[in-house]
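Down below is the structure, laid out as structure tokens.
The values are calculated or read from the model by the stated rules, or taken from the named source; none is laboratory data. Keep in mind that this is a model prediction, so the values were computed, not measured. When we count neighbours, we look across all protein chains shown, and the Cβ atoms used for this are built from the backbone with ideal geometry, even at glycine.
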Amino acid sequence: MSLAICIKCGARKIGAWTPCPFCGFRAVDVEDLARAMLLTDQAQSKQALKAAAKEIKQGRFELDERLLDPIVRNLKQDDKLLAQVRNLKPRKLTTVWPGFPWLLILALLTLLIILWRSSQQ
């Protein structure tokens, strides 16, 4: 997944078409999907994304509409992709990797054992 900027609030997020974890916005219109694609680290430099995020937060960001036209055309030609994108479900951490809490507990126990043994010497 790529680093992206929310087109509504300017927050950083993972993936162009994922819901924003801060404002909850999720692009579904073809034009918004294209804007979201342009605000990723695959299409822009990190400095450009940082500047765009700042401008979005200040309410003065404008994207060159000429950059959107080819993306919008391609998206409109692929009905299957549009259907998939519009029906994306947000993922939870436990959905992505259910073993994370157990790994965290194991790491803490290991740390406690190491600290206990070092205090015994």
Kindly provide the set of residues from the stretch 46-70 that are within 20 Å of the chain's Cα centre (by Cα), surrounded by 11 or more Cβ atoms within 10 Å (Cβ to Cβ) and either free of Cβ contacts under 8 Å to residues at least 12 places away in the same chain or not assigned by TED's automatic domain parsing to the domain that holds ARG12 (or both), ordered by number. ALA48, LYS50, ALA51
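Could you list all residues from the stretch 1-45 that are of a type in the set (Asp, Glu) and without any contact (Cβ under 8 Å) to a residue 12 or more places away in the chain?
Of everything in the stretch 1-45, just one residue is of a type in the set (Asp, Glu) and without any contact (Cβ under 8 Å) to a residue 12 or more places away in the chain, namely ASP29.
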Scan (1) closer than 27 Å to LYS80 by Cβ; (2) in contact with a helix residue (DSSP H, G or I) (Cβ under 6 Å, 6 or more places away or on another chain) for the single condition GLY15 breaks and write down its number. (2)
Among what's in the stretch 71-91 and is loosely packed, with under 11 Cβ neighbours inside 10 Å and assigned to a helix (DSSP H, G or I), pick the residue that is modelled with the lowest pLDDT. ALA83
Hits in the stretch 9-35 (condition: buried (at least 16 other Cβ atoms within 10 Å of the Cβ) and outside any helix (DSSP H, G or I)): GLY10, ALA11, LYS13, ALA16, TRP17, THR18, PRO19, CYS20, PHE25, ARG26, ALA27
Hits in the stretch 53-69 - residues which are at pLDDT 95 or above and aliphatic (A, V, I, L, M): ALA53, ILE56
Which condition breaks for GLN44 when tested against (1) part of a loop (DSSP other than H, G, I, E, B); (2) under 12 Å from ILE7 (Cβ atoms)? (2)
Among the numbered conditions (1) modelled with pLDDT of 90 or more; (2) touching a helix residue (DSSP H, G or I) at 6+ places or on another chain (Cβ under 7 Å), tell me where PHE100 comes up short. (1)
